[in-house]
1. What is the Cα radius of gyration of chain A over 2.2 N^0.38 Å, N being its residue count?
2. Report P(r) for region B:185-333: all Cα-Cα distances, bin width 10 Å, range 0 to the bin holding the largest distance, values in whole percent.
3. How large is the helix-only mean residue ellipticity at 222 nm for the protein assembly as shown, computed as the sum of -39500 (n - 2.57) over DSSP H runs with n ≥ 4, divided by its residue count, in deg cm²/dmol to the nearest 500?
4. Looking at chain C as a GNM with Cα springs under 10 Å, which of C:268, C:69, C:128 has the largest mean-square fluctuation?
5. To the nearest whole number, what is the average tally of beta carbon atoms from other chains within 10 Å of the beta carbons of peptide A:200-213?
6. According to the square roots a ≥ b ≥ c of the eigenvalues of the Cα gyration tensor, what is the shape class of region B:69-207, taking rounded for a/c under 1.5, prolate for a/b larger than b/c otherwise, and oblate for the remainder?
7. Quick check: the angle from helix C:262-272's long axis to the longest principal axis of chain C, C-alpha only, nearest 10 degrees?
8. What are the nm distances, shortest first, from residue B:276 to its equivalents in the other copies, labels at 7 Å along Cα→Cβ?
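Since every read-out is calculated from the coordinates, none of them should be taken as a lab result. In this text the structure is predicted, and so the values were computed from the model without any measurement. Cβ: placed from backbone, ideal geometry, glycine included. Neighbour counts: every protein chain shown.
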Ligand SMILES: Cc1ncc(C[n+]2csc(CCOP(=O)(O)OP(=O)(O)O)c2C)c(N)n1
Ligand SMILES: Cc1ncc(C[n+]2csc(CCOP(=O)(O)OP(=O)(O)O)c2C)c(N)n1
Ligand SMILES: [Mg+2]
Ligand SMILES: [Mg+2]
């Protein structure tokens, strides 16, 4: 199968935007946290889970999705949010805890909700599985052609919620796709220490659904596998499980010393960085010229700078706004 | 493989005891509940889940176990408790809510704990999985040759706790066996309505462990499959999943009108009752004579009558004893 | 509007179970986004008859039996709600909340907050509570405070069929997650006894009982008795006994456990000067203590005696009838408590 | 014995994290049935450094990294305990309890009761609580009342390293399930700020701080301030401010949230006549209200003013610092509350 050129270009641009975004967040996160690192300090306090390296999982899937399709991401959500089309300004402002953020600073980086593109994420392992299955159920009941996708880390596959949602999606034959981002680690625990099988795709058989393993963090292979799954889902053939071999170029969260990682592993992964690899592919296949790619890189850069600028310039929320939005006020007629 | 004669005799005797026990409990349960059925009334109040028909699952496995081996059963526990060797008097007294019961009437029929034979059960679906895995871990850590067995119904396999415990047992390669009693129904919901695969044994592959399906509610096939699993476990080769095709001859609980069951299903099952079938087998193979079998039946009957008599004659607990045993009082040195 | 002020229509009496089913059916006819899912809610019509007749009328698609996967189907309700459905899910016994509470308190309850109000969560979670029929320690709890403690949830617990229907309609129409607790001793299913006062006249037409409003169900002057669900009936029974002794008890049905209508209670206590709260949930950190605390914070000067509570002691529900009856609240315990307050005769 | 009455030994100061690890190590050396399991407790030594050094000393077998399967490993702890082990399990953040609470409240907490005391459940469940560092609504909660509400559990929440070590040793040796809550703002891990008073002298040798005993950490005469874990330090800070204003505050560290030592609080309130409880958990049905209720039940006549509480309001923890600081309790809020009690100067 050959990937359409515009899809490749979109994937590259989106990966570049996500990468740039994460790099800027990383640097700004450290502001105010030196010399003494205290998570509570600086313009972006709290935990920060970056997704650098995992962009193929985001773009290869979201390339097939529209704003009505529903996606839940994990505690490591930025790449997926960006690929799903979450407004970058409101997202950045949320991460900075500003009034103009997606939730006015109530949620923060692990709780990004954007109803305009049916995206959300959460901080509890495998917690996004059920909501995505539920959205898929709604689509099915309303005879709408949309799909719902839940992202989980490879370690999340051992959480009960994952199993229950997989079975439910299969019993009800819902337009649902589970993407397992297998970066090999759940914080400090390697996959072999937590998971009874090396390849989670085999677990699809427990639900009578197709299971696919995508090797080598390759956006194009992800694109192909996801395309099949989305087609199956939209045409009423039920759910699919896709596990993508990927890696994180940063620690579990910012501040993670990563002493647990075997020596050489990080370096080897960095040398397989999917972003330059995709760029090389695009050049090699003459899909875009070096100039066009540079233009895309520049576009990504300025998009991100605008978002960061917007976030920095935005007002802090009024302290009392902490007390509102606990309930939605409007009541249906 | 031929089943040893003494094992067959033990299985028959145990099945006969369990059957007799359940029949007596069923009749006594209805005392005080006519003409108006109110669960709160009579000598045995509360919910009552009988296991008539499912005895092969109990005896085929427990035939391989000793008192140190650990077993957790479900909300439908009597047949397994009896096969595991729980004292019938204390168990009956517990079911009657008497002071001489296993817990002095605090637990009741869904909460039978007998540390003398490492047996317990519980009322939450799949809740016995983790404790059995934990006991298996203890055996492993102490280099003891014991195994731990968790019973679940086929509908419980869709509960998150089941999945987590299976994976944990497999990752740690523990001496653990999961027995799925597949009676085809979770209350009113047929297996096909709740479970994405027709045969739960295939789910063993999700944990890299052997999975076996035993057809036709046959104690001898259960005995064989369980024998393999117990040998594997005791010799350090890790866990096994066994699903047994079985059926319940009564409703989900006493008082269940079973309007949800397709017509003819119950009658067909009753005609395949495993107790007379085992008796015929034993006679046909000339393992025991008709006289010997009658003697066993009579022994079972009198054992059960003694237990019921003991329970009836026992004192009610002192009301204030409701307030004790919330904590264990002794503290380790 | 309450059960007493009902219309001129023929006095049709319903159980809480029937009232719940009727409310759901009416709303399902009106609003195609409403659907029901849970264990045995289909052909069986709910173990506690909460969905009686619905499967026949609305079919498999809108009345869905689920696997025993509470986390999956309750969090699925949250996702379906996020894209515009109004799911009603059933957690068969509240005691099972421990296998799925994350979906309830971290997901449903926080969807509005995390989204700054831009994603609503209009779900109803029905669940049965309470003991008294020897169902043992994992099938007899109330856990009112456990749910009421969590911001973002609304929690209702009706004491009669009239309120059950009105609160159910209000709950389905509410854009926020509502926990609807129905007490097994009031429910009116065939295999359990039923408090006769819970079975009462229920209007045929749809109506709402507002969430967040307590109600004075019996006026009185000497002491305020506060209860809800089953304990409301204990309070009423106690009030009748006390009346014979010349003591006038005002009885309040809390109805909504969160957000709590403390005003109605405060107004009463300001008049009576005495408070007894009756709660079937565990005492420590329970709603009874919370009500006492709020009264002491806000009407301290009005109290002519220390506030008193009758609660479940801090022990798991025992099985044996003699044990369970010992620990359950009762009208006699309420009467004793009131007498101990040395109310002037 | 408390932090102040420490011995003649060189004043070795430890963080709570180190004190916890040391207690566990000492007990593991003494008792081969003690072992640890949880996420990242092995090579990493615990995300909150609760198991620092243990993996190196005791190895894979007794210091076990688990899958992210809280239900499985916590209920495995219950089973292991039933056959004679003394497991220590870690639930990384208390906020995750919703995925595994059944194993805790229905299984661990009821093992003794269901068995009539014949099967014990000597497990310790360590879990981190609290906010203040912008970790958002699923990583900043306290949920004290949620755990304290459940019969069969003991719940401790130390405010300093001395108590942390003593309570951990008592918890491991207790034959019942103990929830050990360590507050992130006190813990002393490198990547979070730490309340300096939580880092204190800790005896090298093993010792127990008894579970179920509160302690007066600062004597006073005008008002009783009650706190625990992080809020204890707010109370102390407020007491210092109030002292400058001529107000003498007695400060009590509750230390054990269940079973609650109400006597120590009652004795104090009987002397001071005034009560302020500071609680970082949600207010509705929280422990602060429970303490107020118990004081009103038992020392009503001694109260010279209504009891007051400073709690988290009933909203999920917001992320933005300005929002979170607005809702968290603070010493200033405590000082204001005391002033509002119109204590005679
Ligand atoms: C139920 C639950 N348990 C534990 C955690 C703490 N936690 C956050 S991320 C994480 C590791 C997740 O690993 P994985 O699913 O592989 O995702 P990754 O971080 O590698 O992207 C853990 C244990 C949590 N958030 N929720
Ligand atoms: C977590 C949980 N959910 C629901 C129930 C209610 N319930 C009790 S038994 C049962 C059906 C169980 O079916 P299965 O596991 O097949 O066992 P069987 O009753 O057929 O023996 C259900 C839904 C429960 N006890 N626990
Ligand atoms: Mg991972
Ligand atoms: Mg079954």
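1. So chain A has a normalised radius of gyration of 0.97.
2. 8, 20, 25, 27, 17, 2, 0
3. After summing the helix terms and dividing by residue count, I get -11500 deg cm²/dmol.
4. Most flexible of the set in this elastic network: C:69.
5. 3
6. Oblate, because a/c is 1.5 or more while a/b does not exceed b/c.
7. 20 degrees
8. From this label point to the equivalent ones elsewhere in the assembly: 7.9 nm.
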